[in-house]
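The values are calculated or read from the model by the stated rules, or taken from the named source; none is laboratory data. Predicted, not measured: the structure shown is a model, and the values here were computed from it. Because the Cβ atoms are built from the backbone with ideal geometry, glycine has one as well, and the counts that use them run over all protein chains shown. Ligands, DNA and RNA are excluded from the accessible area calculation, which covers all protein heavy atoms including side chains. Shrake-Rupley method; radii C 1.70, N 1.55, O 1.52, S 1.80 Å.
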Amino acid sequence: DYAWRIGRGLGWEDTPTGDIVSEGRRDGTFLMHPSTMRFREEIWDPGLFTHEGFNQWTAQGAAGLIEKAAATAEERIEANTYRPDGDVRKALDRILAIAEKDLA
């Protein structure tokens with residue numbers, strides 16, 4: 001998630017800060033201001049390093065970091081719908097066969 005956000009780049013406000021403050025004061029809150037809502041997307045909230053309490057963690061099965069990462073990877077692989085064309089598929093199969101042989 002963090003790499004995705006960095007790759008997307010950080011956006012900056014074109015509206016002068018004084019104008020944003022004035023709008024927030026007029027509306028009585030900054031929480032729903034567009035600049036605040038956008039920055040919610042910029043904050044990195046890692047999916048694997050969660051902050052639940054011990055009781056909640058054990059109630060959810062007490063999964064370790066590696067189990068959580070493996071489950072996330074499996075979900076993303078299953079959700080993938082991309083299928084390479086014939087030549088690309090053959091090249092990838094060849095690379096995979098070499099890697100499996102080298103790692104065995």
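Points to keep in mind about this one:
- Hits in the stretch 1-38 - residues which are part of a helix (DSSP H, G or I), modelled with pLDDT under 70 and open to solvent by 60 Å² or more (accessible area, probe 1.4 Å): Tyr2, Ala3, Trp4, Ile6, Gly7, Arg8
- Near pairs, Cβ below 7 angstrom, 6+ apart or cross-chain, from the stretch 75-104 (part of a helix (DSSP H, G or I)) to any residue that is surrounded by 10 or more Cβ atoms within 10 Å (Cβ to Cβ): Leu92/Pro84
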